[in-house]
1. Could you grab the pairs with beta carbons closer than 7 Å, sequence gap of 6+ or different chains, first residue in region 20-47 and within 24 Å of PHE84 (Cβ to Cβ), second one among the β-branched types (Val, Ile, Thr)?
2. Residues LEU49, LEU44, LEU55: which one is loosely packed, with under 15 Cβ neighbours inside 10 Å and assigned to a helix (DSSP H, G or I)?
3. So if I check each of SER61, SER38, SER56, which one is within 19 Å of ASP95 (Cα to Cα), among the polar types (S, T, N, Q) and under 24 Å from the mean Cα position of the chain (by Cα)?
4. Could you say whether any residue in region 73-87 is outside any helix (DSSP H, G or I) and either over 15 Å from the mean Cα position of the chain (by Cα) or surrounded by 13 or more Cβ atoms within 10 Å (Cβ to Cβ) (or both)?
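The values are calculated or read from the model by the stated rules, or taken from the named source; none is laboratory data. In this text, all values refer to a predicted model and were calculated from it rather than measured experimentally. We place every Cβ from the backbone using ideal geometry, glycine too, and count neighbours over all the protein chains shown.
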Amino acid sequence: MIIITTPLGAAGLLAIAYLSSLFANFSRRLSTVTKMASHYRWFLVANALFIVAALSQIVRSTAALAPDLAPPLLLTDWCSLASFHIPLTVGVTIDLVLVWYYWGWILKERVE
């Protein structure tokens, strides 16, 4: 079953990167209309971190499927932490902060 589901991990990360690019475009338009400070460029940094995590997922899953052919460094926990978990965590944190900054007013509005 691991062989069938291995490519889906990277596809999910690329979907998150696409969602982040949508947020960047909408936030750019919102900041133009409302004359907010333009912090939307940080979405591009988050996208780059998501792509690094997706590439790491592809390389590490390929190494896990053929452990005899892969360098042993790719199968260590430190490689996973440095190339997948940290970029993913930093990218999600950047996205969360920026989405809250640009779109937090929606939660503050009250329906009367």
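1. Close Cβ pairs satisfying both conditions: PHE23/VAL99; TRP42/ILE94; VAL45/ILE94; ALA46/ILE94.
2. Answer to the selection: LEU44.
3. Sole residue among the options that is within 19 Å of ASP95 (Cα to Cα), among the polar types (S, T, N, Q) and under 24 Å from the mean Cα position of the chain (by Cα): SER38.
4. yes
Okay, residues lined up against (1) assigned to a helix (DSSP H, G or I); (2) among the hydroxyl-bearing types (Ser, Thr, Tyr); (3) modelled with pLDDT under 90; (4) over 16 Å from LEU98 (Cα atoms):
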| residue | (1), (2), (3), (4) |
| --- | --- |
| ALA17 | yes, no, no, no |
| ARG29 | yes, no, no, no |
| ALA37 | no, no, yes, no |
| TYR40 | no, yes, yes, no |
| SER61 | yes, yes, yes, yes |
